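The values are calculated or read from the model by the stated rules, or taken from the named source; none is laboratory data. On a predicted model such as this, the values are computed, not experimentally measured, just so you know. Here the Cβ positions follow ideal geometry from the backbone for every residue, glycine too, while neighbour counts run over all protein chains shown.
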Amino acid sequence: MKWFIRILIALLVFYGAYNLALVYPRGELWPILIPGLALVSLIIIFIKEYRGFSSPASAYIGASIGAILGLVIANLFGRVFLSISGGIYIYILINTFLGYLGYSIGISKGEAFVLDNLGILKGRVRTEGGNSKLLDTSVIIDGRISDICDTGFIEGVLIVPQFILNELQHIADSSDPLKRARGRRGLDILNRLQKHSVMEVKIIDQDFPKIKEVDSKLIALAKDMGAVILTNDFNLNKVAQIQGITVLNINLLANALKPTVLPGEGITVRVTKQGKEKGQGVAYLEDGTMIVIEGGESLLGKDVEVVVSSILQTPAGRMIFAAPKDGIS
């Protein structure tokens, strides 16, 4: 039904264009531009009704330019038919077809419009050089991003999509006390970033209504903007990398900054608990790295010098295996 209405409107507008063409001197562009703008306006009104302006503004700018160019070309070719019997109908059909063809091509190419690339349009953030960072929910709740930003090691603009903010608010309103505390912590961290961080923080409304999952929305937005994703979510990290999106993982950064310990090196630690295997003790370095001490169960609660025997790197971090330097006491 909506296509019938659009075509009917186009026919009526171009029939009016023909009558205008008879009034104005030939060669002037006004009889082309005025009905062209009217056509685009009417079609956009119907698009608003059925699509809710879900496309970016640049798409409609492209649609307007495409429709007007289509009308110009149609009038150049269509006028030759006005001198023959029944030529008015050919004239109307040519204008209808080329006008709407220009509109369709323009709206599909609108996102590449020059104003959009310059970052002028509202709601679009200039991402030249990949300096914009999209924050996901997990990295905001984690909180370390605030401290990292304060050090000045990250540059560019931090972008928080509205759908991420909505998810944080949903978590903060949860009936589960733990989830509610995490959500409120995330909102506090975001507020701290906005007020105290040396970084610029922007909240944007761009959304993808047809995509339901938040992580998928974030990946689609990163593709659209050419931005980098900041996260500590292992699964999001992998999926984004598969789709060619640059990801900055806070956990990987934390692992890279941990002090380097080599096999054969001696360190002094406090044995804090028993290990999973019989006779093992567990200690931790200041950065949280776990050390499994063979034969360390009897040293529970004591400071002991151990010698590193091996290091295991896991997705969750490093695990160090060691043994007491002087044997079991």
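Elements of the type strands (runs of 3 or more DSSP E) sitting completely within segment 150-249 and holding at least 2 residues that are small (Gly, Ala, Ser) and closer than 11 Å to residue 134 by Cβ: there are none. Condition check for residue 259 on (1) in a helix (DSSP H, G or I); (2) under 30 Å from residue 146 (Cβ atoms): one failure, at (1). Scanning segment 200-217 for residues that are more than 21 Å from residue 247 (Cβ to Cβ) and without any contact (Cβ under 8 Å) to a residue 40 or more places away in the chain gives 210, 212. Kindly establish whether residue 283 is out of contact with any Phe, Trp or Tyr (no Cβ under 9 Å at 6 or more places or on another chain), surrounded by 12 or more Cβ atoms within 10 Å (Cβ to Cβ), at pLDDT below 85 and within 28 Å of residue 232 (Cα to Cα). No: the conditions fail for residue 283. Against the conditions (1) closer than 26 Å to residue 142 by Cα; (2) not in a strand (DSSP E or B), residue 295 satisfies every one except (1). Looking across segment 171-199, the residues that are loosely packed, with under 13 Cβ neighbours inside 10 Å and touching a residue at least 12 places away in the same chain (Cβ under 8 Å) come down to 196, 198.
Residues in segment 155-182 that are closer than 27 Å to residue 198 by Cα and of a type in the set (S, T, N, Q): 162, 166, 169. Among the conditions (1) over 30 Å from residue 322 (Cβ atoms); (2) part of a strand (DSSP E or B), residue 272 misses just one, which is (1).
If I filter segment 175-184 for residues that are modelled with pLDDT of 90 or more and among the hydrophobic types (A, V, I, L, M, F, W, C), do I get at least one hit? Yes, segment 175-184 contains at least one residue that is modelled with pLDDT of 90 or more and among the hydrophobic types (A, V, I, L, M, F, W, C). Among residues belonging to segment 163-211 that are over 15 Å from residue 227 (Cβ atoms) and polar (S, T, N, Q), point out the one that is nearest to the chain's Cα centre (by Cα). Residue satisfying both the conditions and the ranking: 166.
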